[in-house]
């Protein structure tokens, strides 16, 4: 039986591996994209771009294929971790290899790729380098999804009970945000050229690897993992979540996933392009970094942060009584924030618009994260990680960046690179498209609330 209170050791493991996993994921999701624009496309000619692909298209393809790899990996490894009853090795060894592959990205350059494949045509060198980055991203995703999405998420489910999960999800969300800030703080130096991407990827990859080594000594599989019934057929287990009877019996789980999916798709419309947007649109439109770092802007940012924290705390406390209401509020507030961001590139408008975006995103991620874990059938956490990944990763990361690429190409905002070639960069229009997508999250959420969002019983039990 799992205790109502998590041990200090488990809290440390959850916090550490969430933070380090966030380091790796944010490096991939945020800075591989700037790496493509700032390094791979920095000095290529217009003919090379026309002979291969635009930078935003390269990012969209990388994100989409990474998502496919993540979902396939989670299906296979999630069920396998159930079958072998061993989350520890999947987490620890996965983190070790995850860090190593991250560090290797710093060695990808057009010159190295040209020498490796004996290429001389500039368009072929550009295209091959982009696809080499995408291939390495897929390998990294395999490591990350094995260790984090398949094993770590299932381990967290195994060591917690429904009463603990909203708080645990809050901690995971806060720690994930902190890791994002940490990566952004270090990555800004790489983005500005102060340090090389090789050093940036190398250092962050090293700390993730060290975390995996530490996990070999810290992590212990709980009784719930060891007692999993592994007598079923492994290949049948891979498709367990697709069975109509399983979907019907766990309708609330799938409605939660569907609503969550639309919210994440809306976020992925702009997220892969966000740092490039800030670098090439927001900063120039506001007169440079020195104007953005003025005292009035800093004071506004601090006020927004304080109000945001107070609102998140209030909504999470209120959600214990009215979870459905808070989920609807989160989606509506998130949508409003997207529409506000699409109106202007002014730093003050952006700071005020960030308030509803971050607030809505926090509520949606925390409450849906806890709700989804609650609705996963007992003892089947590994089997459902792949299903979760379809809704939380595959569909959002395939659909979202494509919509974002369409928005960027439709706006046709460009910069001139070192070779005097026009390179398309993100535009504020992508936030408008994100807001439109987010509205659709309300449809499955309506049916979920109708069925009783706070009811933890299965459809079969509630019908009995």
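The values are calculated or read from the model by the stated rules, or taken from the named source; none is laboratory data. This one's a predicted model, so the numbers in the text were calculated from it and none came from an experiment. Quick reminder, even Gly has a Cβ in these numbers, built from the backbone with ideal geometry, and neighbours come from all protein chains shown.
Scanning the stretch 117-131 turns up one or more residues that are under 17 Å from residue 64 (Cα atoms) and free of Cβ contacts under 8 Å to residues at least 12 places away in the same chain.
Does residue 217 qualify as being in a helix (DSSP H, G or I), crowded, with 17+ Cβ neighbours inside 10 Å and at pLDDT 85 or above? Answer is no for this residue.
For residue 66, the test of being within 30 Å of residue 112 (Cα to Cα), crowded, with 23+ Cβ neighbours inside 10 Å and in contact (Cβ under 8 Å) with a residue 40 or more places away in the chain is passed.
Residues that are within 22 Å of residue 223 (Cα to Cα) and out of contact with any helix residue (DSSP H, G or I) (no Cβ under 6 Å at 6 or more places or on another chain) within the stretch 51-85 comprise 80, 84, listed in sequence order. Of the residues making up the stretch 291-327, just one is assigned to a loop (DSSP other than H, G, I, E, B) and touching a residue at least 12 places away in the same chain (Cβ under 8 Å), namely 320. The sole residue among 371, 335 that is modelled with pLDDT under 85 and crowded, with 23+ Cβ neighbours inside 10 Å is 371.
Residue-wise test of (1) closer than 20 Å to residue 275 by Cβ; (2) assigned to a helix (DSSP H, G or I); (3) under 20 Å from the mean Cα position of the chain (by Cα).
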{"position": "119", "(1), (2), (3)": "no, no, no"}
{"position": "123", "(1), (2), (3)": "no, yes, no"}
{"position": "126", "(1), (2), (3)": "no, yes, no"}
{"position": "144", "(1), (2), (3)": "yes, yes, yes"}
{"position": "147", "(1), (2), (3)": "no, yes, yes"}
{"position": "155", "(1), (2), (3)": "no, yes, yes"}
{"position": "178", "(1), (2), (3)": "yes, yes, yes"}
{"position": "189", "(1), (2), (3)": "yes, yes, no"}
{"position": "201", "(1), (2), (3)": "yes, yes, yes"}
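Considering only residues of the stretch 162-176 that are in a loop (DSSP other than H, G, I, E, B) and surrounded by fewer than 16 Cβ atoms within 10 Å (Cβ to Cβ), which is modelled with the lowest pLDDT?
Taking the stretch 162-176 as the starting set, the residues that turn out to be in a loop (DSSP other than H, G, I, E, B) are 162-164.
Still in the list and also surrounded by fewer than 16 Cβ atoms within 10 Å (Cβ to Cβ): 162-163.
On the way: 162: 71, 163: 74.
Only one residue tops the list, namely 162.
Matching residues to (1) assigned to a helix (DSSP H, G or I); (2) within 24 Å of residue 289 (Cα to Cα):
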{"residue": "329", "(1), (2)": "yes, no"}
{"residue": "338", "(1), (2)": "yes, yes"}
{"residue": "343", "(1), (2)": "no, yes"}
{"residue": "348", "(1), (2)": "yes, yes"}
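Scanning the stretch 253-290 for residues that are without any contact (Cβ under 8 Å) to a residue 12 or more places away in the chain, more than 22 Å from the chain's Cα centre (by Cα) and part of a helix (DSSP H, G or I) returns 283, 284, 289, 290.
Being surrounded by fewer than 18 Cβ atoms within 10 Å (Cβ to Cβ) and out of contact with any strand residue (DSSP E or B) (no Cβ under 8 Å at 6 or more places or on another chain) is true for just one of 330, 288, 360. Which residue is that?
Details: 330 fails: surrounded by fewer than 18 Cβ atoms within 10 Å (Cβ to Cβ); 360 fails: surrounded by fewer than 18 Cβ atoms within 10 Å (Cβ to Cβ).
The conditions single out 288.
Checked against (1) farther than 30 Å from residue 47 by Cα; (2) within 21 Å of the chain's Cα centre (by Cα); (3) surrounded by fewer than 20 Cβ atoms within 10 Å (Cβ to Cβ), residue 431 meets all criteria but (3). The one condition from (1) without any contact (Cβ under 8 Å) to a residue 24 or more places away in the chain; (2) buried (at least 23 other Cβ atoms within 10 Å of the Cβ) that residue 157 does not meet is (1).
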